[in-house]
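One structure below.
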Amino acid sequence: MRNDNQKQPIIVTVAQQKGGAGKTTMALQLAVAWQKQGHKVALIDIDPQGSANAWSHVRAKALAEAYEGPEVVSITGWRMVGELSRLQQFGFDIIIVDSPPRAEAEVCIAVRSSDICVIPLQASPMDVWATKPTLQFCFREKVPALLVMNRINMRTKLASKMIEEAQLLGAEVSEQTIGSRVAFQSSLAEGMGVVETEPYSDAAKEIDALAAEVLKRAKAKSKKSAFSKAA
Ligand SMILES: Nc1ncnc2c1ncn2[C@@H]1O[C@H](COP(=O)(O)OP(=O)(O)O)[C@@H](O)[C@H]1O
Ligand SMILES: [Mg+2]
């Protein structure tokens, strides 16, 4: 729940240059998990593809009057700082940003404004290599980066090898990994998150644990004022 001493929302950007790594899936699933835990959550969709925004329309239709959040806004990355100030007035606890599959200035603006950058990557060498430009943004802006292994099968040798490779990139790798699970996709298709459609599933347990880990790390390393830095 909201801590009244906490004047500023925690800002989490989900970024990864590689398309298809799982940014939108992770951003939406985390947003719903935090919402369900009682936080007031906004999601800023700066990807021109607008998938998160499209999901919010499905959700609005499915829930109608019962739609309590997360609040989803679709903007260009250039308007991030203004949008963050606007959202701040509404007392959000957590603002999560879903970014496009590029390592461009717009993503850099989002990363710069964040308390933590969550970087999903799959257990493949291509994903590990593709992570470097996004990490460079984080290092340059001194924003903590958290690599999250997505769609990983922990029973394979490749999984442990890729986790080792990811650890060598110089950022932290999350304790919680995310498996490849249809429930993530089917829940989003209904405008829901997996913690709502299948709350006792392994998928929901993974997302809840990841949501707790991201928040813990973001709070621990939160910069004094993301807004004054971003302004
Ligand atoms: N953990 C997962 N389990 C199953 N499918 C996933 C998972 N993460 C992502 N996907 C699927 O992979 C594809 C790409 O995911 P998406 O979130 O759109 O990636 P990005 O936003 O990085 O381009 C989508 O079809 C999505 O449903
Ligand atoms: Mg996406």
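What follows draws every value from the coordinates through simple rules; no lab data is involved. All values reported here derive from a predicted model rather than from experimental measurement. Methodologically, a virtual Cβ is constructed for each residue, glycine included, from the backbone with ideal geometry; neighbour enumeration extends over all protein chains shown.
Values computed for the structure shown
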{"quantity": "Neighbour-count ranking [beta-carbon atoms within 10 angstrom, fewest first] of Lys216, Lys157, Lys205", "calculated": "Lys157, Lys216, Lys205"}
{"quantity": "Alpha-carbon Rg/Rh ratio, for region 65-110, with Rh computed the Kirkwood way", "calculated": "1.01"}
{"quantity": "Exposure proxy order (Cβ contacts within 10 Å, fewest to most) of Ser114, Ser187, Ser51", "calculated": "Ser51, Ser187, Ser114"}
{"quantity": "Value of [θ]222 nm, deg cm²/dmol, for the chain, DSSP H segments ≥ 4, -39500 (n - 2.57) each, nearest 500", "calculated": "-13500 deg cm²/dmol"}
{"quantity": "Long-range Cα-Cα pairs in the chain (distance over 20 Å), rounded percent", "calculated": "56 percent"}
{"quantity": "For region 10-219, with +1 on Lys and Arg beta carbons and -1 on Asp and Glu, the positive-most of Gln176, Val214, Leu158 along the dipole", "calculated": "Leu158"}
{"quantity": "Assigned charges on the beta-carbon of Lys, Arg, Asp, Glu; region 173-223 dipole about Cα centre (debye)", "calculated": "480 debye"}
{"quantity": "Equivalent ellipsoid, region 3-112 (semi-axes from 5 times Cα gyration tensor eigenvalues, Å)", "calculated": "21, 18, 12"}
{"quantity": "Pairs from Lys157/Lys219; Lys23/Lys142; Lys23/Lys219; Lys161/Lys219; Lys161/Lys221; Lys23/Lys161 whose Cα-Cα separation, in the structure shown, is over 25 Å", "calculated": "Lys157/Lys219; Lys161/Lys219; Lys161/Lys221"}
{"quantity": "Farthest toward positive dipole pole in region 10-219 [+1 Lys/Arg, -1 Asp/Glu at C-beta], among Leu28, Pro120, Ala64", "calculated": "Pro120"}
